[in-house]
1. Does A292 qualify as being under 25 Å from W179 (Cα atoms), touching a strand residue (DSSP E or B) at 6+ places or on another chain (Cβ under 6 Å), of a type in the set (G, A, S) and outside the structural domain of T194 (by TED's automatic domain parsing)?
2. Which one of the conditions (1) surrounded by 10 or more Cβ atoms within 10 Å (Cβ to Cβ); (2) in contact (Cβ under 8 Å) with a residue 40 or more places away in the chain; (3) touching a Leu at 6+ places or on another chain (Cβ under 8 Å) does Q284 fail to meet, given that it meets all the rest?
3. Identify all residues within the range 113-147 that are under 22 Å from A22 (Cα atoms), in a loop (DSSP other than H, G, I, E, B) and in contact with a helix residue (DSSP H, G or I) (Cβ under 6 Å, 6 or more places away or on another chain); write none if there are none.
4. If you scan the range 256-286, which residues turn out to be within 24 Å of the chain's Cα centre (by Cα) and over 30 Å from T194 (Cβ atoms)?
5. When you scan the range 16-23, do you find a residue that is modelled with pLDDT of 85 or more, over 19 Å from A83 (Cα atoms) and either assigned to a helix (DSSP H, G or I) or among the basic types (K, R) (or both), even just one?
6. In this structure, is L288 at pLDDT 85 or above and outside any loop (DSSP other than H, G, I, E, B)?
7. List every residue pair whose Cβ atoms lie under 9 Å apart, where the two residues are 6 or more positions apart in sequence or sit on different chains, the first residue falls within the range 81-110 and is over 19 Å from G293 (Cβ atoms), and the second residue, located anywhere, is assigned to a helix (DSSP H, G or I) and of a type in the set (G, A, S).
8. Where the second residue is at pLDDT below 95 and assigned to a helix (DSSP H, G or I) and the first is closer than 12 Å to T49 by Cβ and lies in the range 156-170, which pairs have Cβ atoms under 7 Å and are six or more apart or on separate chains?
Amino acid sequence: MNQIVIGLAGHIDHGKTSVVKALTGINTDRLEEEIRRGMTIDIGFAFLTDRITLIDVPGHEKFVKNMMAGVSGVDAALLIIAADDGVMPQTREHFDILKLLGVRNGVIALNKIDLVDEEWLEMVEADIQEMVTGSFLEKAPVIRVSAENNIGFEKLRMSLIDMCSIISPKTDRGIFRLWVDRVFTIKGFGTVVTGTVSSGSLKTGEVLELLPGGKKVKIRGLQTHSKPVNEVTLGDRAAINLQGVEKDELNRGFQLSTPGFFKTTSRIGVGLSLLPTTMKEIRQNQRLRIHAGTQEVMARVSLIDQKIL
């Protein structure tokens, strides 16, 4: 059975990291700066069950590119909204990103309920309902929680598990493919990358192609949910120990794939649309920031049938 990846989303300081800790016991803020500032900067991971992974992402607008890397391969969303603030700018921005990515399932956690009264809670819930009407979250449960006082988390946990039980299996194309979202070294083992398997399967000892560049790398070891395994398959969160490549030869945005299937390109054809809420327009030859998988690159846009979108 495929693993399910749930991406967290929400405005800065609304409690994404504390909600994950209350659900799993894991603090996903691992960087010294994150702990010192009390603010998520990079993506972090925790495991709700052996089958369900939670990905914690930054809420601050300066780290949207890291948020994109975190949610690029998610199956469902957990949207966190603080009861005292209600719907805020990054709440809407993250919600828009989830819609653009085609996420179809989600749960809403209304955090910090200990800070407000019942009348205020009802008003915030009405604002939430107005925001999600007509979207994939329109019928999503809104679970009241307090990470500070550990209230409501068994109900939230069961809502997430129930949601995951109805998510349709992914379509497997057979070719192994994984977008790299983290790279690090472990003493005695060497280079390790992590990511979500988006296609195919992989066994220890096999050889993959590292893109871009096409370098061949051998798989020295595999882990999923912090446990050594002999094979990872579609949907798994995987840590892959690579042989034949140094840490400084790759970074977030690289891909590992079955050799001989993919080619690097500098031009893609896309259907381009703007969110109804955007205040900007796109002009011919304008520079844009493109997010593909965990990769972020600069590009120029060539509009086929008009000069301004």
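The values are calculated or read from the model by the stated rules, or taken from the named source; none is laboratory data. On a predicted model such as this, the values are computed, not experimentally measured, just so you know. A quick note on method: Cβ atoms are made from the backbone with ideal geometry, for glycine too, and the neighbour counts reach across all protein chains shown.
1. no
2. Every listed condition holds for Q284 apart from (2).
3. Listed by number, the residues that qualify are P141, V145, A147.
4. G271, L272, S273, L274, L275, P276, T277, T278
5. Looking through the range 16-23, none of the residues is modelled with pLDDT of 85 or more, over 19 Å from A83 (Cα atoms) and either assigned to a helix (DSSP H, G or I) or among the basic types (K, R) (or both).
6. yes
7. V107/S159; A109/S159
8. Hits for this filter: R157/L23.
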